[in-house]
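Note sheet for the following structure.
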Amino acid sequence: MSVTIKDVAKKAGVAPSTVSRVIAESPKISKETKKKVRKVMDELGYHLNLNARNLVQKSTKTIGIVLKNSASQSLLNPVFPEILNGISAFCHQEDFSIILTSGSSEEEIFQDTVKIVQGKKVDGIIVMYSKKDDKVVPYLSECGIPFLVIGKPVFDLNEVMYVDNDNVFAAKQATDYLIKLGHKQIAFISAAPNYEVSVSRCYGYKLALTENNLEIKESYIKSFQIEQKDPGKQAVTELLQMTEPPTALLIADDLQAMLVLLILRELKIKVPEDVSIVAFNNTIISRLSSPPLTSVNIQTYQLGYEAARCLIEQIKEPDSSKKSVIIPTNMEERESCLAINHLK
């Protein structure tokens, strides 16, 4: 015989309505009572009929994740699995599931997002990027579904809920670090410049140069995408062939930095003896590369965890004010940087 709500209520010493409210995550039930009831549910082996509950509540208990690229491409970069890990952790805690968009192009990802929303397959959406000329965020704003962006929105900043780092400050701090090591010829390499994170980090880089009375050379600012043929080779070659090649590189992603390391190795350029490198994201790549990369820790897990927390709170309390969170960053110093005076 299956265990019922009445069986749980009897053993827990509460009313059946209280058990129902615990199942419905009612804020009116204390944490102590919820803990006691859930413990009894586990002991008795009570299994919630999720489909029945969702039909009653008109809820899917599911969050949609809109990826920057196709799933196969996105998951190649460790930053996305780490963010997803944070999202999954909070969703599991709140008994929510997640689904990822599918599609191999921006248009296919957009169309899949529309299908997910119109099919009422999710209660809310997390967009894993922020960029210009994006169709997803304007669509979500128009249709009224709860959603959150990881990255500072490029429009409607005060109306769109987001979780981000202070990327201007982080890039300025990283550039200041290289300047304090004596570097004056510092190049900046990012992903596609239409992504807000690239714009903010480039601004922070320029701000540090300006405050230290160093010239901003537009020829020192490069970008490339991982999906390109021979990614990074043209950008690195152009920098090294300059009359005054940079002695340091600020690279906006660990995976990009790893590719640059491989290119430099092919060209017999030593890191950090010939060129110092500071990267971003502090993923496992930064620790396993040779040499290990000095990298800005953006706390990827926490970005995901807070994104899920803010969105699910909005889903549960739609009349509450939308929250946006800035996750602090810090530098993780490793072996990819050297003071410029070693060359003298």
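Summary of computed values
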{"item": "Rel. contact order, % - alpha carbon contacts under 8 angstrom, at least six apart, the stretch 139-189", "result": "23 percent"}
{"item": "Cut-off 12 Å between beta-carbons: net charge of the residues surrounding LEU44, Lys and Arg +1, Asp and Glu -1", "result": "+2"}
{"item": "For the stretch 114-269: relative contact order, % (alpha-carbon pairs under 8 angstrom, 6 or more apart)", "result": "21 percent"}
{"item": "Charge context of SER26, other residues only, Cβ under 11 angstrom, K/R +1, D/E -1", "result": "+3"}
{"item": "Too-long pairs where the Cα-Cα distance tops 30 Å, listed order kept, from LYS206/LYS322; LYS6/LYS322; LYS131/LYS323", "result": "LYS206/LYS322; LYS6/LYS322"}
{"item": "Ranked by how many other beta carbons lie within 10 Å on average, peptides 299-309, 134-144 from highest", "result": "299-309, 134-144"}
{"item": "Unit charges on C-beta of K, R, D, E only; dipole of the chain, Debye", "result": "1280 debye"}
{"item": "Contact order relative to length of the chain, as percent, for alpha carbon pairs under 8 angstrom and 6 or more apart", "result": "17 percent"}
{"item": "Packing-based order for 125-131, 326-332, using average beta carbon neighbours within 10 Å, highest first", "result": "125-131, 326-332"}
{"item": "Sulfur and carbon atoms: percent of accessible area, the chain [1.4 Å]", "result": "52 percent"}
{"item": "Magnitude of the charge dipole, the stretch 215-270, Cβ model with Lys/Arg +1 and Asp/Glu -1, debye to 20", "result": "240 debye"}
{"item": "Cα centroid separation - the stretch 236-255 against the stretch 73-150, whole Å", "result": "34 Å"}
{"item": "Formal net charge of residues neighbouring LYS172 (Cβ-Cβ distance under 15 Å; K, R +1; D, E -1)", "result": "0"}
{"item": "Accessible surface, the chain, averaged per residue in Å² (probe 1.4 Å)", "result": "50 Å²"}
{"item": "Choice from PRO78, PRO146, PRO318 showing the highest fluctuation, given a GNM over the chain with Cα pairs closer than 10 Å", "result": "PRO318"}
{"item": "Cβ-based charge dipole, the chain, positive-most Cα from THR4, PRO318, LEU288", "result": "THR4"}
{"item": "Cα-centred dipole magnitude for the stretch 157-240, charges only on beta-carbon of K, R (+1) and D, E (-1), debye, nearest 20", "result": "360 debye"}
{"item": "Signed unit charges on C-beta, dipole axis of the chain, positive-most listed residue ILE298, GLY204, LEU250", "result": "ILE298"}
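The values are calculated or read from the model by the stated rules, or taken from the named source; none is laboratory data. This one's a predicted model, so the numbers in the text were calculated from it and none came from an experiment. Quick reminder, even Gly has a Cβ in these numbers, built from the backbone with ideal geometry, and neighbours come from all protein chains shown. To get the accessible areas, we keep the full protein, side chains included, count just its heavy atoms, and leave off ligands, DNA and RNA. Shrake-Rupley method; radii C 1.70, N 1.55, O 1.52, S 1.80 Å.
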